[in-house]
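**Q** The structure is given below, and queries will be raised subsequently.
Any read-out appearing in this document is the output of simple, stated calculations on the displayed coordinates, not a laboratory observation. All figures in this text were calculated on a predicted structure; none of them were measured in a lab. Because the Cβ atoms are built from the backbone with ideal geometry, glycine has one as well, and the counts that use them run over all protein chains shown.
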Amino acid sequence: MYAFDFERPKTLADAVKAMTDEDAVALSGGQTLIPSLKQRLAMPSKLVSLTGIDEIKGICVDDDGRVCIGAATIHADVAAQEYYPALAALASNVGDPAVRNRGTIGGSLANNDPSACYPAAALGSGAVIRTDKREIAADDYFTGMFETALEEGEIITEIKFPVPETAAYMKFEQPASRFALVGVFVAKYADGVRVAVTGASNEGVFRWSEAEAALGSDFSAGALDGLKLDGSNMISDVHGSGDYRAHIAKVMTKRAVEKAG
Amino acid sequence: MPKDGGIGDATKRREDVRFLSGTGNYTDDINVAGQAYVHFLRSDVAHGKITGLDTAAAEGMPGVLRIFTGKDFEGVGGIPCGWQVTDKHGEPMQEPAHPVLAQGKVRHVGDPIAAVVAETREQARDAAEAIEVDIEDLPAVMDMKAALEDGAPKVHDDLSSNLCFDWGFVEDNKAATDAAFESAAHVTTLELVNQRLVANPMEPRVAVGAYNRAGDDYTLYTTSQNPHVIRLLMGAFVLGIPEHKLTVIAPDVGGGFGSKIYHYAEEAFVTFAAKAMNRPVKWTSSRSEAFISDAQGRDHVTKIELALDAENNFTALRTETYANMGAYLSTFAPCVPTYLHGTLMAGNYKTPNIYVNVKAVFTNTVPVDAYRGAGRPEATYQIERVIDKAARELKVDPIALRRQNFITEFPYATPVAVEYDTGDYVATMDKLEEIADVKGFAARRAESEKNGKLRGFGVNCYIEACGIAPSALVGALGARAGLYDAATVRVNATGSISVMVGAHSHGQGHETAFPQVVAEMLGIDPGMIDIVHGDTSKIPFGMGTYGSRSLAVCGSAMVRATEKIINKAKKIAAHLMEASEADIEFKDGQFSVAGTDKSVAWGDVTLAAYVPHNYPLEEIEPGLEETAFYDPANFTYPSGAYACEVEVDPETGKVTVERFAAADDFGNIINPMIVDGQVHGGIGQGIGQALLEQCVYDESGQLLTGSYMDYAMPRADDVPFYAVDHSCQTPCTHNPLGVKGCGEAGAIGSPPSVVNAVIDALQSGGHTVTHIDMPVSPSRVWQAMQG
């Protein structure tokens, strides 16, 4: 890796200040950033570690009943919480034990890898992403492959998940990386059903609105029978064509509905 | 019951203590005082002309000691090829130069252009980025068939085309084979791809070169399966260093699977630079670098045809294969698709007419060479897939069709130039049907169907020629070296023993299994015996480990040397007991005089050999150390029958291996636990090839699967618990241990049964698919199900 300065602030305010340096990059669990640095694919002037900031760690339930997860909370802790079982199940199957004990939910959402699992949960739950500056609705947050609404130097501090009546995530693994070749998060709320698909689209995680409408009136796998996703704008690579991903997205949606019950 | 620690005992591997506790001594653990570090600047394009190479800025970077380019290697030899194949017209193969550093042209992504030596690894890498290289892109030659068309761009301008050779085997069989097809009652044809694989040993390659001015001698520490081969090739062909001035040391090596047989440019570079700079130079490959610089495996495209008569007897087999050589000829590359492939095309069957055609082709890709099995997996896959397809076309049981055509009498001379000494294919198939529980399959299929899954059963046989190899035979086939091996048994005064062997252990368990043989022969505790390997200054000249040869060839040398030890020890014992040598009996570590109660122990004799106070010096020399070289009379021919059961998820196409059974005939077995482990690992690699692994380049020659994010290695949960049996034993008739070798069997024998099982599953679900190329990935299965 290239040489860089390193800071590990103890407070959010110090972190925000440290991030004002040109080419400073926030480092959370480092499960994507560190390999990128090792391969010399990134050349930050400074790494600002967020893992020493206690105020952005931990899990609680707020007055509105939302599960609030500090951005620097590791996957293993998300997997261990009991407030939102479908989210816990998703976190328990991210990477391997080493990844789950270093990687954080905030790091994953800030990176917005098109094949990551958390974006599906955040979008599928209509979560709110809180930063040092503002709150961003998940629907406005994911803007494309590796792209988000975050501004330069902006730091995610917390993610607030409204807890659905029932939900499930189904991941079809890419054989090599075991990231989601396609992952589908289905959540049923009193006011409707949300379906978020990760891994499939060239534009990153997206909501499958036709499926949401169909499931809104009949929450059963059979309700999806007549629906079909368009594979033409889906990722096509050595692991599968766009059409294959479109097909798998439907199969995973059905299975998620069945699992959610 | 086997004796404790002797032949047949499942002794735990003594080397695992250091491997599992992190105390192994690997090449990267070796640091020579004053060493500098090299980083190779590698081509990021597949094919291009170097029009500018400016190192001036880089030379001024911190810590930089010297930058080498192709110019520094003008007049230095290139990386040699160890085999010369003669084509079907009797002409030698086209053999391009393979420079240590690129000379004017780059021919694959990863081809080294320059080498920066600096005080630290990071400084070398920083400086490499400051080198200015101008490359004029040339069209990349990627597809083998397109590469052979008129007017195709040439990988090597000085060759007449991209064809390395067009080989016919056996050329004299061609007319009879074609005639047999004319009169066949049924012909089954199959076109298939044996995809390119990356070997991926756990330890990437490392090389440390050192030069000693006082003695004008060199030491190379390297991750090699055969240090003497590296000394021979690099010393004689590349750098011109005589053997007595060059030591090659391959310490603990973390897996090779073939990819560490070959002499690589990086080894020559660090040795050359160590003298040029009078400083030791170290190179450690990154995993990313391994993907573009380690020789890769397989990459054959084949059309195979099987002719049968009206009674379903095989009457002829004909193949046409395109074999990718990559951009240069790696050490063994030309022999893999020819003598390790064509000679195996009879398989386990008495097909009377066989003709194999192989066109070896240069492309702008990483060189291809032997990878676990090497040529034999490709042969087995073709034969066993086409037989399965024939059985389905003829609506006969695939096992019955195989049984009907088995070779049953031995020795058997095949139409493809080899003679199988022993085997019992009926016995291994009987054993397979038992351990695979063929009878229970229908119930298991019904259960799977209840769960919405398609279940399939696939079987295959395999034969391999290993224990490589008789020197006279391989010499006639084009090998430029002999393939014997050697062992020195050094008995110490107290009776402990060091056995110096030419074979190299990098996962095979030699350090445990070899002492078991000597302990059995001498009747002593195997703990008194250590194996020394991997250092050319300590061991006799041996050819190393590959082709399942270590025990069959080097183990045989060790037996011969131990026999010499026993003969001499008997003479000493006879003297000590004042008896005639003819009356000396040696059993369980005791020498006794027949018909008397007189005896002396092993330790008494060894002490006398080194403290010859009372010793017949006029008749025998003091000391007790013997060397033997062993060159086998034939290959060995392990064989077996494998069965795989898969479930296919019809909605996603995902295949899971539910059961896997392997019945092998390895001849005699020294350590059954190690044999189990070798078979388990081999099957894991075979399932990896069948379902997961593939090395893919795009049209411009960029590697799309250059990391584990896209190159799918098999993991523990991709494979089931295996049923492995090696109780069918027809000992090899021509080596003293009766052993055949087991290192490659699993990888050779497993891919066809996996694919056969998938086809069986899909056809059971009403799909008409007859073939899917490996890896049988979910998307390929789904695509096939779409019709």
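**Q** Give me the inter-chain shielding for B:769-782: mean count of other chain Cβ atoms within 10 Å, whole number please.
**A** 3
**Q** How about the range A:1-89: which GluC sites (Glu not before Pro) there are in a DSSP loop, with at most 11 other Cβ atoms within 10 Å of their Cβ?
**A** Sites meeting the loop and neighbour criteria: A:GLU22, A:GLU82.
**Q** Among all the aspartates and glutamates, which ones have a C-alpha under 14 Å from B:LYS71's C-alpha, if same-chain residues fewer than 8 places away are not counted?
**A** Correct list for B:LYS71: B:ASP54.
**Q** OK, next. Could you work out the relative contact order of the range B:112-240, using alpha carbon pairs under 8 angstrom and six or more residues apart, expressed as a whole percent?
**A** The normalised contact order for the range B:112-240 reaches 8 percent.
**Q** Run the paramagnetic zone check for B:SER727: 7 angstrom along Cα to Cβ, then residues of the range B:662-676 with backbone nitrogen under 14 Å.
**A** Once the point is set 7 Å along Cα→Cβ of B:SER727, B:662-665 turn out to lie under 14 Å by backbone N, inside the range B:662-676.
**Q** Right, another one. So how much slack lies between B:ASN451 and B:GLU618, counting 0.36 nm per residue of separation and subtracting their Cα-Cα distance, in nm?
**A** Going from the current span to full extension adds 51.9 nm.
**Q** Take the residue pairs A:LYS38/B:LYS12; B:LYS350/B:LYS453; A:LYS17/A:LYS188; B:LYS174/B:LYS439; B:LYS260/B:LYS740 and return only those whose Cα atoms are more than 32 Å apart.
**A** A:LYS38/B:LYS12; B:LYS350/B:LYS453; A:LYS17/A:LYS188; B:LYS174/B:LYS439, as the Cα separations exceed 32 Å there.
**Q** Which listed residue (A:GLN31, A:PRO85, A:ILE69) has the Cα farthest towards the positive end of the charge dipole for the range A:5-161, taking +1 on Lys and Arg C-beta and -1 on Asp and Glu C-beta about the Cα centre?
**A** Positive-most Cα among the choices belongs to A:GLN31.
**Q** Then there's this: Residue-wise, which Karplus ³J(HN,Hα) couplings in Hz belong to the range A:217-227, taking 6.51 cos²θ - 1.76 cosθ + 1.60, θ = phi - 60°, and x for glycine or proline?
**A** Per-residue couplings from phi come out as 8, 8, 7, 8, 4, x, 5, 8, 3, x, 8 Hz.
**Q** I've got another one for you. Taking chain A as a Gaussian network, where each spring joins two C-alpha atoms under 10 Å apart, which residue of A:MET19, A:MET234, A:MET43 fluctuates the most?
**A** A:MET43
**Q** Taking H placed 1.01 Å from N in the peptide plane, check which residues at least 5 places from B:LEU53 or on another chain put their amide H under 5 Å from its amide H.
**A** B:ASP134
**Q** Looking at B:VAL696, B:ALA747, B:TYR711, which one has the Cα that reaches farthest to the positive end of the dipole of the range B:683-751 (charges on Cβ: Lys, Arg +1; Asp, Glu -1)?
**A** B:ALA747
**Q** While we're on this one: Among B:VAL366, B:LEU233, B:GLY681, flag the residue with its Cα farthest along the positive direction of the charge dipole of chain B, charges on Cβ as +1 for Lys/Arg and -1 for Asp/Glu.
**A** B:GLY681
**Q** Something else now. Remind me, relative contact order of chain B in percent, using alpha carbon pairs under 8 angstrom and six or more residues apart?
**A** After rounding, I find 15 percent.
**Q** Once amide H atoms are placed 1.01 Å from N in the peptide plane, what residues at a sequence separation of 5 or more from B:THR223, or on another chain, have their amide H within under 5 Å of its amide H?
**A** Amide H to amide H, under 5 Å and 5 or more residues apart or across chains, B:THR223 pairs with B:VAL206.
**Q** Rounded to the nearest 20 Debye, what is the dipole magnitude of the range B:377-512 about its Cα centre when Lys and Arg each give +1 and Asp and Glu each give -1 at the C-beta?
**A** For this selection, approximately 540 debye.
**Q** Now, a different point. Using a 10 Å cut-off on Cβ atoms, rank the peptides A:137-147, B:476-486, B:634-644, B:354-364 from the highest mean neighbour count down.
**A** Output ranking for A:137-147, B:476-486, B:634-644, B:354-364: B:634-644, B:354-364, B:476-486, A:137-147.
**Q** Under 17 Å Cα-Cα from B:LYS568, which lysines qualify once same-chain neighbours fewer than 8 residues away are excluded?
**A** Correct list for B:LYS568: B:LYS587.
**Q** To the nearest 20 Debye, how big is the dipole of the protein assembly as shown about its Cα centre, given +1 on the beta carbon of each Lys and Arg and -1 on that of each Asp and Glu?
**A** The calculated dipole for the protein assembly as shown is roughly 580 debye.
**Q** Antiparallel as a % of all DSSP beta bridges within the range A:5-161, to the nearest 5?
**A** Rounded to the nearest five, the antiparallel share is 70 percent.
**Q** What is the distance, in nm, between label points placed 7 Å from the Cα along the Cα-to-Cβ direction at B:LEU394 and at B:GLU122?
**A** Output for this residue pair reads 6.7 nm.
**Q** Label point 7 Å out from B:GLU585 along Cα-to-Cβ: which residues of the range B:599-623 have amide N under 14 Å?
**A** Only B:599-600 fall inside the zone, counting backbone N under 14 Å.
**Q** Given R₀ = 25 Å, what would the calculated FRET efficiency be for B:GLU419 paired with B:VAL193, taking r from the Cβ atoms and rounding to 0.05?
**A** With a Förster radius of 25 Å, E is 0.20.
**Q** So, one more: Report, by chain and number, residues whose modeled amide H sits under 5 Å from the one on B:LYS88, excluding near sequence neighbours (fewer than 5 apart, same chain).
**A** B:ASP166, B:TRP167, B:GLY168
**Q** With Cβ to Cβ distances under 13 Å as the rule, what net charge do the other residues near B:ARG445 carry (K, R +1; D, E -1)?
**A** So the environment of B:ARG445 carries a net charge of -1.
**Q** Filter the GluC sites (Glu not before Pro) in the range B:1-108 to those in DSSP coil with at most 14 other Cβ atoms within 10 Å of their Cβ, and list the result.
**A** B:GLU74
**Q** For chain B, with only Lys/Arg (+1) and Asp/Glu (-1) charged at the beta-carbon, what is the dipole magnitude about the Cα centre, in debye rounded to 20?
**A** 320 debye
**Q** Quick check: net charge around B:ASP421, other residues with Cβ under 15 Å of its Cβ, Lys/Arg +1 and Asp/Glu -1?
**A** Net local charge, B:ASP421 excluded: -4.
**Q** Here's a follow-up. Whole-Hz Karplus ³J(HN,Hα) for the range A:194-204, in order, using 6.51 cos²θ - 1.76 cosθ + 1.60 and θ = phi - 60°, x for Gly and Pro?
**A** Those phi angles translate into 10, 10, 10, 10, 10, x, 9, 8, 5, 9, x Hz.
**Q** While we're looking at this one, here's another question. Note down the net charge around B:VAL593, summing +1 for each Lys or Arg and -1 for each Asp or Glu among other residues with Cβ under 15 Å from its Cβ.
**A** Counting the neighbours of B:VAL593, the net charge comes to -2.
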